[in-house]
Amino acid sequence: MEDGTADIEAGEPATFKSFGKGDGDHPGFAFTRYWWEGEGLREGITPWVLKKLRLGDDPVFGQAARAEVLLPPTAPADYADCAFLLKRFDETRPSFEKHAMVQAKLSLDPSEPWHVGYERARGFVRAHFAVRFPVILVAHVPGVAGLEGYGNHVHCIVLPRPVTINGLGGTCHRLCSDRGYNEALEAWQRHVAKETAA
């Protein structure tokens with residue numbers, strides 16, 4: 001084809017890459033950006049997200065302790081279904097767009113029931129990310145399966161495209177940058193400080 005599509009389809013698939021800022025400097029808060037490198041075909045983010053939702057084959061412990069989609073108030077209700085959201089996100093991603101998503105990983109305090117920390121994380125996500133972007137929250141609680149050393153935590157998978165009544169918009173490059181990380185970290189610290197003071 002003259003537009004080069006055939007060459008892209010015949011070549012190597014694009015590689016799914018990530019760059020993370022771990023919780024070494026800020027215990028309990030990690031932030032990772034994901035993008036595609038290369039011009040080839042892209043698998044989409046659905047397989048990656050599904051691995052977070054379903055961790056293994058055990059019928060009881062092989063899945064996330066809790067998972068849900070948080071949406072901006074302008075989003076159509078269809079997007080509350082995780083499968084629909086992921087399908088639309090992957091299907092409508094422009095071929096030129098390299099940014100895939102960001103993830104904030106929030107550690108849960110082992111001295112309190114996991115659902116308390118989950119609600120803290122949920123409140124933060126609702127106030128900071130979900131005012132504009134769809135977010136998939138995934139709670140991993142390995143302690144209930146007798147696994148030690150992993151720590152209970154919540155994955156906040158943020159799809160960096162605003163969603164309105166008309167569907168998904170263009171990618172927010174600011175969210176997928178160091179500024180996005182700094183703003184999220186500051187918002188998390190304010191959220192925790194406010195809750196602690198209450």
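Computed values, structure above
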| item | result |
| --- | --- |
| Selection within the stretch 128-161 - in a helix (DSSP H, G or I) and crowded, with 21+ Cβ neighbours inside 10 Å | HIS128 |
| Number of the condition not met by ALA83 [criteria: (1) of a type outside the set (Lys, Arg); (2) in contact (Cβ under 8 Å) with a residue 24 or more places away in the chain; (3) under 18 Å from ARG161 (Cα atoms)] | (2) |
| Checklist (1) in a helix (DSSP H, G or I); (2) among the basic types (Lys, Arg); (3) exposed (fewer than 13 other Cβ atoms within 10 Å of the Cβ) applied to ARG174, failing item | (1) |
| Counted residues, the stretch 84-102 - those being outside any loop (DSSP other than H, G, I, E, B), surrounded by 11 or more Cβ atoms within 10 Å (Cβ to Cβ) and not β-branched (Val, Ile, Thr) | 10 |
| Exclusive hit being farther than 21 Å from ALA77 by Cα, of a type outside the set (Lys, Arg) and modelled with pLDDT of 95 or more, set HIS173, HIS128 | HIS173 |
| Some residue of the stretch 26-45 being farther than 29 Å from GLY151 by Cα and free of Cβ contacts under 8 Å to residues at least 12 places away in the same chain | no |
| Residue list for the stretch 131-152, restricted to those being at negative phi and at pLDDT below 95 | HIS140, VAL141, PRO142, GLY143, VAL144, ALA145, LEU147, GLU148, TYR150, ASN152 |
| Qualifying residue in the stretch 103-113 (condition: over 13 Å from the mean Cα position of the chain (by Cα), over 16 Å from GLU195 (Cα atoms) and buried (at least 19 other Cβ atoms within 10 Å of the Cβ)) | no |
| Residues of the stretch 23-36 classified as modelled with pLDDT of 90 or more and either among the aromatic types (Phe, Trp, Tyr) or touching a strand residue (DSSP E or B) at 6+ places or on another chain (Cβ under 6 Å) (or both), total | 9 |
| Verdict on SER107 being among the polar types (S, T, N, Q) and out of contact with any strand residue (DSSP E or B) (no Cβ under 7 Å at 6 or more places or on another chain) | no |
| Residues that are among the small types (Gly, Ala, Ser) and farther than 18 Å from SER107 by Cβ, drawn from the stretch 165-198 | GLY167, GLY169, GLY170, SER177, GLY180, ALA197, ALA198 |
| So VAL125, is it in contact with a helix residue (DSSP H, G or I) (Cβ under 9 Å, 6 or more places away or on another chain) and crowded, with 22+ Cβ neighbours inside 10 Å | no |
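The values are calculated or read from the model by the stated rules, or taken from the named source; none is laboratory data. None of these values were measured; they are calculated from a predicted model. All Cβ positions, glycine included, derive from the backbone under ideal geometry; neighbour counts span all protein chains shown.
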